[in-house]
Amino acid sequence: MPLVPMRQVLDEAARGGYGVGAFNVNNLEQIQAIMEAARATKSPVIIQASRGARKYANDRFLYHLMLAASEIYPEIPVVMHLDHGNSFETCKSAIEMGFTSVMIDGSLMEDGKTPSTFEYNADLTRRVVEYAHARGVTVEGEIGVLGGIEDGHGAGGSGLEHLTDPEQAAQFVEKTGVDALAIAIGTSHGAYKFTRKPDGAVLRMDRLIEIHRRLPKVHLVMHGSSSVPKDLQDIINAYGGKLKPTWGVPVEEIQLGIKNGVRKVNVDTDSRLAITGAIRKVFAESPEKFDPRDYLKPAREAMQKVVEARMTAFGQAGHAGDYQPMTLAQMAEQYSGALVR
Ligand code: G3H
Ligand code: 13P
Ligand code: ZN
């Protein structure tokens, strides 16, 4: 099955009332873990690469690994998505490389740190939409700013400082024509999201519900959606790690989001925790081992387990075979006829 445009996958998810996990990758093992999880649960899937991932792995490696995934798992619709594009050029280069979907995160300036103005964000996003849609590629935009800072990306702060304003969200969608909208509801990237199990004061599901009420047809995206499970933290700490106590986004809150228009759920940290715990365990229990396969195999299995659990919880399981994938050319034609939304 060829790589598919994300718009189709999200439209189908909206029709079926489920969410689709968007899992970050940097290497072969992470792609394999996601694809095995997708096969086991019969899930359509979004695989995303950040700018850091593109730099780490090199675009051409990532692209060819993704092509291999689509050949080896022909029954699975796979989206290849750019996570947090910071400029028109970053998005353009991803599209040229074969990504079928891009995020332009104009909520921050190009430095990936400084919150931008509404006008800057809307203008930049509109330009990316025009370029991408002419090529059948999907665009995710962001309004409002997430908290925290990971790998140099993020505005810092608690996550409550730049919540998405529903009225601005409506104007943004109208001005840009984005296919999916990332919103800020109190989450942050990384492991340290909340200092206790989040309640409505810090995880603003009420805001999400309000945005969905205002924009019922828009595909919403939840970033910073790792659940940071205690069992994964415990494995890391049991084998010499030093994670401080922390809480992520409970799966039941994500499920509430999915009932209220969330179609894409971004998860990276949970995969990182699973991989690191598995590797630490091998290193601690079998210090004589030095074949990378001895620790990368359990790492891959641990990531597959967490991804499978998320796919099942988000409701995408069982939906891989629901539809024939559209080509980018068909999608471009659909956009040009303004049949979309
Ligand atoms: O947006 C955050 C994702 O977890 C990607 O992180 O920039 O360290 O690859 P990264
Ligand atoms: P987590 O750090 O919660 O996994 O979020 C990932 C994300 O939002 C990627 O864009
Ligand atoms: Zn994100």
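The values are calculated or read from the model by the stated rules, or taken from the named source; none is laboratory data. As the structure is a prediction and not an experimental result, all values here were calculated from the model. Every residue, glycine as well, gets a Cβ built from its backbone with ideal geometry; the counts of neighbours run over all protein chains shown. Surface accessibility is based on the protein's heavy atoms, side chains included, excluding ligands, DNA and RNA. Shrake-Rupley method; radii C 1.70, N 1.55, O 1.52, S 1.80 Å.
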### Query
Rolling a 1.4 angstrom probe over the protein heavy atoms, how many square angstrom per residue are accessible across the chain?
42 Å²
### Task
Determine how many Å³ per residue the convex hull of the Cα atoms of segment 276-340 encloses.
151 Å³
### Query
How large is log10 I(q)/I(0) at q = 0.22 Å⁻¹ when the Debye formula is applied to the Cα atoms of segment 18-130, each weighted equally and without solvent?
-1.15
### Query
In nm, what is the difference between 0.36 nm times the number of residues separating Asp111 and Asp123 and their Cα-Cα distance?
2.6 nm
### Message
Ignoring everything except DSSP H segments at least 4 long, calculate the 222 nm mean residue ellipticity for the chain; use -39,500 (n - 2.57) per segment, divide by total residues, nearest 500.
### Response
-14500 deg cm²/dmol
### Query
How big is the charge dipole of segment 295-341 about its Cα centre, in debye rounded to the nearest 20, if each Lys and Arg gets +1 on its Cβ and each Asp and Glu gets -1 on its Cβ?
240 debye
### Query
Given labels modelled 7 Å from the Cα in the Cβ direction, how far is it in nm from Glu161 to Ser336?
4.5 nm
#### Entry: Asn260 paired with Phe290, simple spin-label distance in nm, labels 7 Å along Cα-to-beta-carbon
5.5 nm
### Message
Based on the alpha carbons, how large is the Rg to Rh ratio for the chain when Rh follows Kirkwood?
### Response
0.95
